[in-house]
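Since every read-out is calculated from the coordinates, none of them should be taken as a lab result. Computed from a predicted model, the values in this text were never measured in an experiment. Cβ: placed from backbone, ideal geometry, glycine included. Neighbour counts: every protein chain shown.
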Amino acid sequence: MWKVLIVDDEEGVCELLRDVLEDAGFEAWIAYNARDAINILENKTPDTILLDIRLPDADGIQLINDFKEMGVNVPVILMTAFGTTEIAIQAMKQGAHDYLNKPLNLDELLLTVQKAVKMQQLVSEVATLREELDQETDAVDNLIGQSRHMQDVFKLIGKVADSDITVLIQGESGTGKEVVARAIHNNSRRSNRPFIKINCGSIPEHLMESELFGHEKGAFTGAIYQKPGKFELAHSGTVFLDEIGELPLHTQVKLLRVLQEKEFERVGGTKCIKVDVRILAATNRNLKTMVEEGNFREDLYYRINVVNIKIPPLRERKDDISLLVNHFLNKYTKKYNKEISGIYQNAMTSLVNYNWPGNVRELKNICEQAVVMSRSAAIMFEDLPLPLNGDLMLGNNHSNSLPLVINKNKTLKEVVAEVEKQMILAALNANNWNRQETAKALGLNRRSLYSKMKEFDLVDG
């Protein structure tokens, strides 16, 4: 339900506007002066404000700035019985959404309020989409893969996405559990609704229930206003419980009720709140062992483990490393505006042979650092950040390094072509002249590789 704050010192006007707005499906709050309006805004956030331009204790136009300083960024509709060109200009300059002349035309007022809340909804959705887009741009990195293990993961995502079934996603840190959760949500019928992530390991235990289920004003020390919880905010969308193994036992009981009954009460409240949410959970811990040790409820375990998706660690999907490396290098080369055309074969071999305890997240960070540190046309073994490059299973043996020929008499185009030729030749030799594997290692398609081989007169050895 959309909420409107009415600020006017005339009681009759306030009551009339409240009746009109409530009949139209809005919730309306009333303040008869600036002080009361500020008190309300300290505890509640409306979707728009109807503000009289002349109040007993403040100027309405100046009050718009006061609202902004409080962090209240919602459309303000000014109301005035003294409509002049100067007032209209000042109102718009101060950021008013619109202004209405008294006596008010109620149809016009209702239409203006409806437009204002729709604009506010659009602004909120754009902000949410930008945030999600930033997350998903990074998230898609982890879903790159053609290994059998990742293909199995992709198939499972496709099977469960369009249902409301609860899914438990398991895998080591850095494997991409949140990525899989977002992929499930984005391919579901709830894709245009909220995706709310809750990191159960980062919320203090004494605040956990308040974060999940909200609280009423005065429920505990510091609860100076009513606050909706994550489940309430996610209504009709998806809740992603990351690190669910860290959830305290007493909170697990309440979560079980949400799963079974789709309802809860805010902390300090008695009103039962119904929600329609899909729950996805993730953990890097062994929940079955935790159940046996008495640290995780058995009934909750079976409720969340309806479908289980296990993401393989990077060391078990070596076939995907070259794809990921080329993706990350391309991404960060553009981000940092670097002239990097590829990676030397011994550096790639080192990355493939490394054990990757931090999985894809670690690989991503290594590639970003390498791009930043590189001063050549291709990533060299030496560009891989220390102390990690000493552990990449090639030791200090750089005999496989691809020589980079720089001739002062050559143009930049000729130098780049020479580097390209050397990289392709080294990759062909490393892959026994298998064009498909060579193309994969270089991040090219087979047609592009063949075209380059013809250009550089590279014949099968």
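List of remarks:
- Remark: the Glu15-Asn33 segment gains 5.0 nm on full extension, using 0.36 nm per residue and subtracting the alpha carbon distance.
- Table column - 3J(HN,Hα) (Hz), segment 325-342, Karplus curve with 6.51, -1.76, 1.60, x for Gly and Pro: 4, 5, 5, 5, 4, 4, 4, 7, 4, 5, 4, 9, 6, 9, 9, 10, 9, x
- Greater than 23 Å apart at Cα, pairs in Lys177/Lys318; Lys159/Lys318; Lys274/Lys310; Lys3/Lys274: Lys159/Lys318; Lys274/Lys310
- Once the Cβ-Cβ distance of Lys118 and Asp152 is raised to the sixth power relative to R0 = 51 Å, the FRET efficiency obtained is 0.70.
- Descending by average beta-carbon neighbour count within 10 Å, the peptides 165-177, 329-341, 182-194 line up as 165-177, 182-194, 329-341, the highest first.
- Here the Karplus relation 6.51 cos²θ - 1.76 cosθ + 1.60, evaluated at θ = phi - 60°, turns the backbone of segment 43-58 into coupling constants of 10, 9, 10, x, 8, 7, 10, 9, 10, 6, 6, 10, 10, x, 10, 6 Hz, with x for every Gly and Pro.
- Cα-centred dipole magnitude for the chain, charges only on beta-carbon of K, R (+1) and D, E (-1), debye, nearest 20: 2300
- Relative contact order of segment 3-121, taken over Cα pairs closer than 8 Å and 6 or more residues apart, is 23 percent.
- Antiparallel DSSP beta bridges within the chain, percent to nearest 5: 15
- Pairs from Lys230/Lys262; Lys102/Lys227; Lys331/Lys452; Lys155/Lys254 whose Cα-Cα separation, in the structure shown, is over 25 Å: Lys102/Lys227; Lys155/Lys254
- For peptides 20-33, 258-271, 46-59, sequence by mean Cβ density within 10 Å, most packed first: 46-59, 20-33, 258-271
- Sorted by Cβ density within 10 Å, fewest first, the residues Thr283, Thr289: Thr289, Thr283
- Whole-Å distance, taken between Cα centres, linking segment 283-350 and segment 177-228: 24
- Thr289-Glu362 FRET efficiency (beta carbon distance; Förster radius 25 Å; 0.05 resolution): 0.50
- The chain: relative contact order as a whole-number percent, Cα under 8 Å and 6+ apart: 11
- Principal axes of segment 1-108: Cα extent on each, largest first, Å: 34, 30, 23
- Normalised by the number of residues in segment 149-224, the average gap of Cα pairs under 8 Å and 6 or more apart makes the relative contact order 22 percent.
- Rounded to the nearest 20, the size of the Cβ-charge dipole of segment 3-121 about its Cα centre is 460 debye, with Lys and Arg at +1 and Asp and Glu at -1.
- Cα centroid of segment 143-170 to Cα centroid of segment 232-281, whole Å: 24
- Cα pair distances of segment 143-312 binned at 10 Å [whole percent]: 10, 38, 35, 14, 2, 0
- Averaging 1/r over every pair of different alpha carbons in the chain and inverting the result gives a Kirkwood radius of 26.8 Å.
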